[in-house]
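Q: Encoded as structure tokens, here's the structure I'll be asking about.
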Amino acid sequence: MSDVTRARHGRPVHHWRRDVVELAALFTAVAVADGVANLIGHGPDGPALLVISALALVATAAFHTWWARHHGHAPPADDTGARPAGTGTLWRMRTTVRDEPGSLASLCAALAGLHVDILSLQTHPLAEGTVDEFLLRAPAELEGAAITRAVSLAGGAGTWIERADAHDLVDVPTRVLGLAARTAVDAAELPLALRQLLGRCTIRSLPARPAGGGPGPQPVPADGMLEDTVMRLRAPEGGVITVERPYLPFTPTEFARARALVELDARLGPRIPRGEDVLTLPEGNAITVRRADTGDLAAARRMHERCSARTLSMRYHGPVGDADRYLNHLLSPRFGRTLAAQSASGRIVGLGHLLWDGDETEVALLVEDEWQHRGVGTELLGRLVAMAVEAGCASMYAVTQASNTGMAAAMRGLGLPLDYQIEEGTLVITARLDAAPAATRPPYDDRREAHQSPAGLRD
């Protein structure tokens, strides 16, 4: 380990080269002194000259000691500006600098003057200039406005800054690979992966043929479209994925990363984890809870046929004959996640949907009449909440009729803070998920099969 490396870790540095030089100088001085003593020691003024030489030597040694203590190579401990490792506030900052030699150096010098550590740096080349994205650790007392002011004076333009957390310490290649792995396992992860890749943004998946009828979205080129704060990508199934971030324009680098993630999703095709949980209801019947997708479309339609008109009306808030039109959209993993409750005979008796709705998340339940009031809906709802928490959703809302006491009771049974809004017979119940006691990973992937006792079910 070099002297420089050891000094960075705070250990004393032993400069052996300097010691050798000082030792050689000492021997030289002794030899010179011996020669002088032999030359003048026998003269008439020899003793006086030796005394004067000794005093001069003592004075020189004292001066050298004082100088070494006050003018060492390292600055005094109270003047280093050093701070304990890991302390301070993390910031994510993005600024545009001129594409000229020394521009980035000036900006880094300005940050160093504020005792701000640069933990990571990404560059996003533009046609004119470069967008530099920093992960910073600043003194706790330093405000973000002071950082942006210093960066502006150093030549940065269009500076944006926000608080960061420990998750941002993961380097970009590692984070992108992790998001790609999540998307490869589950197609429903694509909107969530895009949001984590691009930061705070609104993502909407628009089907090529809307379930309610009407014209679809305007088609986009195969390579997508980038328009400042909006990017549009061709969805794998033919629709359009729109990503919007009004507060910060997208860079070509970000657009390329998002496009590569969507292309990976398209190449892999529709897929969902195939794990399942076998549960025992209080009366002794067993049901299986698993993920569902468009491959279950025929079974879901047969369940519709077994449901009463009132049950379908409570769920879809419209003409009963239109219910089947929405199934293809609801079962698509592109727009959310769906859980199916399946009887021992293999029939689907309940469906639970978690739908991505821009910045919000909607939950919906349908349980056929014969299986209602057995705990099936409550079980599905609890697991959908766990999924929403894992996805990082802050809240989740359900839209139903004001007369649907079963759905209202299931939402109350979650034990979460709820907000109610009623307008013209429509009830919107919003659950805040920051207090949700959910597991870190819901048991719906191919790595886990759980068997739950009747105690885990509620009516």
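The values are calculated or read from the model by the stated rules, or taken from the named source; none is laboratory data. The structure displayed is predicted, hence computed values, not measured ones. Reconstructed Cβ throughout: ideal geometry from the backbone, glycine too, with neighbour counts over all protein chains shown. All accessible areas refer to the heavy atoms of the entire protein, side chains included, with ligands and DNA or RNA removed. Shrake-Rupley method; radii C 1.70, N 1.55, O 1.52, S 1.80 Å.
Q: Against the condition farther than 24 Å from His373 by Cβ, outside any loop (DSSP other than H, G, I, E, B), over 29 Å from the mean Cα position of the chain (by Cα) and among the charged types (D, E, K, R), how does Asp277 come out, does it pass?
A: Answer is no for this residue.
Q: Conditions: (1) more than 23 Å from Ala391 (Cα to Cα); (2) in contact (Cβ under 8 Å) with a residue 12 or more places away in the chain. Glu227 meets all but one. Number of the miss?
A: With (1) more than 23 Å from Ala391 (Cα to Cα); (2) in contact (Cβ under 8 Å) with a residue 12 or more places away in the chain applied to Glu227, the lone miss is (2).
Q: I would also like to ask the following. When the residues of the stretch 238-268 are filtered to those that are over 29 Å from Gly158 (Cβ atoms) and without any contact (Cβ under 8 Å) to a residue 60 or more places away in the chain, which remaining residue is farthest from the chain's Cα centre (by Cα)?
A: Gly238
Q: Of these, Arg301, Arg337, which one is surrounded by fewer than 17 Cβ atoms within 10 Å (Cβ to Cβ) and either more than 30 Å from Gly199 (Cα to Cα) or under 37 Å from the mean Cα position of the chain (by Cα) (or both)?
A: Step by step, each of Arg301, Arg337 is checked, and only Arg301 is surrounded by fewer than 17 Cβ atoms within 10 Å (Cβ to Cβ) and either more than 30 Å from Gly199 (Cα to Cα) or under 37 Å from the mean Cα position of the chain (by Cα) (or both).
Q: Further question: Here are Ala391, Ala435, Ala450: which of them is within 20 Å of Arg182 (Cβ to Cβ), modelled with pLDDT under 85 and small (Gly, Ala, Ser)?
A: Every option except Ala391 fails the conditions.
Q: Checking Gly284 against (1) touching a residue at least 40 places away in the same chain (Cβ under 8 Å); (2) surrounded by fewer than 19 Cβ atoms within 10 Å (Cβ to Cβ), which single condition isn't satisfied?
A: (1)
Q: Conditions: (1) modelled with pLDDT under 90; (2) within 29 Å of the chain's Cα centre (by Cα); (3) farther than 26 Å from Pro246 by Cβ; (4) not hydroxyl-bearing (Ser, Thr, Tyr). Leu111 meets all but one. Number of the miss?
A: (1)
Q: Also, I was wondering about something else. Please work out if Pro282 is within 16 Å of Val367 (Cβ to Cβ) and either β-branched (Val, Ile, Thr) or over 24 Å from the mean Cα position of the chain (by Cα) (or both).
A: When the stated conditions are applied, Pro282 passes them.
Q: Further question: If a residue has to be outside any helix (DSSP H, G or I) and open to solvent by less than 50 Å² (accessible area, probe 1.4 Å) to count, how many in the stretch 265-274 make the cut?
A: Looking only at that region, the number is 4.
Q: Still on this structure: Residue by residue through the stretch 391-412, note down the ones that are open to solvent by 30 Å² or more (accessible area, probe 1.4 Å), closer than 27 Å to Glu189 by Cβ and part of a strand (DSSP E or B).
A: Answer for the stretch 391-412, where residues must be open to solvent by 30 Å² or more (accessible area, probe 1.4 Å), closer than 27 Å to Glu189 by Cβ and part of a strand (DSSP E or B): Ser395, Tyr397, Val399.
Q: Follow-up question, since we're still on this one. Would you kindly identify the strands (runs of 3 or more DSSP E) lying entirely within the stretch 160-237 that contain at least 1 residues that are among the small types (Gly, Ala, Ser), surrounded by fewer than 14 Cβ atoms within 10 Å (Cβ to Cβ) and under 16 Å from the mean Cα position of the chain (by Cα)?
A: Because the criterion is at least 1 residues that are among the small types (Gly, Ala, Ser), surrounded by fewer than 14 Cβ atoms within 10 Å (Cβ to Cβ) and under 16 Å from the mean Cα position of the chain (by Cα), no strands (runs of 3 or more DSSP E) in the stretch 160-237 meet it.
Q: Can you run down the residue pairs with Cβ atoms below 8 Å, 6 or more apart or on separate chains, where the first is in the stretch 136-164 and in contact (Cβ under 8 Å) with a residue 12 or more places away in the chain and basic (Lys, Arg) and the partner is in a helix (DSSP H, G or I) and open to solvent by less than 30 Å² (accessible area, probe 1.4 Å)?
A: Final answer for the pair search is Arg163/Gly144.
Q: Then there's this: Considering every residue within the stretch 243-264, establish whether at least one is more than 30 Å from Thr96 (Cβ to Cβ), of a type outside the set (Ser, Thr, Tyr) and either at pLDDT 90 or above or part of a helix (DSSP H, G or I) (or both).
A: no
Q: Right, here's the next one. Pick out the one residue from His329, His317 that is farther than 15 Å from Gln372 by Cα, in contact with a Pro (Cβ under 7 Å, 6 or more places away or on another chain) and surrounded by fewer than 21 Cβ atoms within 10 Å (Cβ to Cβ).
A: His329
Q: Mind listing whichever residues of the stretch 415-429 are among the aliphatic types (A, V, I, L, M) and open to solvent by 30 Å² or more (accessible area, probe 1.4 Å)?
A: Residues satisfying the conditions are Leu418, Ile422, Val428.
Q: Collect the residues in the stretch 92-125 that are surrounded by 14 or more Cβ atoms within 10 Å (Cβ to Cβ) and part of a helix (DSSP H, G or I), keeping them in residue-number order.
A: Correct list: Ser103, Leu104, Ser106, Leu107, Cys108, Ala110, Leu111.
Q: Now for a different question. Select from the stretch 356-373 the residues that are over 19 Å from Ala309 (Cα atoms) and modelled with pLDDT of 90 or more and write down the one among them that is least open to solvent (accessible area, probe 1.4 Å).
A: This residue is Val363.
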